[in-house]
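Engineer: The structure is given below, and queries will be raised subsequently.
Derivation of every value follows stated rules applied to the coordinates shown; laboratory data play no part. As the structure is a prediction and not an experimental result, all values here were calculated from the model. Note that we place each Cβ from the backbone using ideal geometry, even for glycine, and neighbour counts take in every protein chain shown.
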Amino acid sequence: QVQLVESGGGLVQAGGSLRLSCAVSGRTVSTWQMSWYRQAPGKEREFVAIIWTAGTTYVPDSLKGRFSISRDNAKNTVYLQMISLKPEDTAVYYCKSGGRLAEPDYWGQGTQVTVSS
């Protein structure tokens, strides 16, 4: 059974930092594409970052320099480091494991990030 459990969200002031964690069981993070998404109230889910099996990462230009993704293979955990947070970063952040055809994607339950101005 595959489970993804996010943690590390919370309330932070603008300009602050948070590190989100996604602890995975039932899959080895180093052998799957792992990504982060977020969804703000009334908006569609938005892609935030991805780390491929080779360790290569990608963050959209709109978030580059503030957001970064990493993983700890020993802990089977993926992280999203966020700095210089803005109120518009307020959203529920989700972790996803996937990237293989004919294999299902799995999502975590999400963790709330609220950035106050």
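Engineer: Within region 80-99, restricting attention to residues that are closer than 11 Å to Val29 by Cα and crowded, with 19+ Cβ neighbours inside 10 Å, which residue is nearest to the chain's Cα centre (by Cα)?
Structural biologist: Lys96
Engineer: I've got another one for you. Looking only at region 96-111, which residues are over 11 Å from Trp32 (Cβ atoms) and either aliphatic (A, V, I, L, M) or assigned to a strand (DSSP E or B) (or both)?
Structural biologist: Leu101, Ala102, Trp107, Thr111
Engineer: For region 29-67, give me the residue count where each residue is assigned to a loop (DSSP other than H, G, I, E, B), among the hydroxyl-bearing types (Ser, Thr, Tyr) and surrounded by 12 or more Cβ atoms within 10 Å (Cβ to Cβ).
Structural biologist: Result for region 29-67: 1.
Engineer: Considering only region 3-13, I want to know if a residue exists there that is surrounded by fewer than 14 Cβ atoms within 10 Å (Cβ to Cβ) and part of a loop (DSSP other than H, G, I, E, B).
Structural biologist: no
Engineer: Follow-up. Suppose we filter region 33-60 for residues that are of a type outside the set (Ser, Thr, Tyr), closer than 22 Å to Lys75 by Cβ and within 14 Å of the chain's Cα centre (by Cα); how many remain?
Structural biologist: The total comes to 9.
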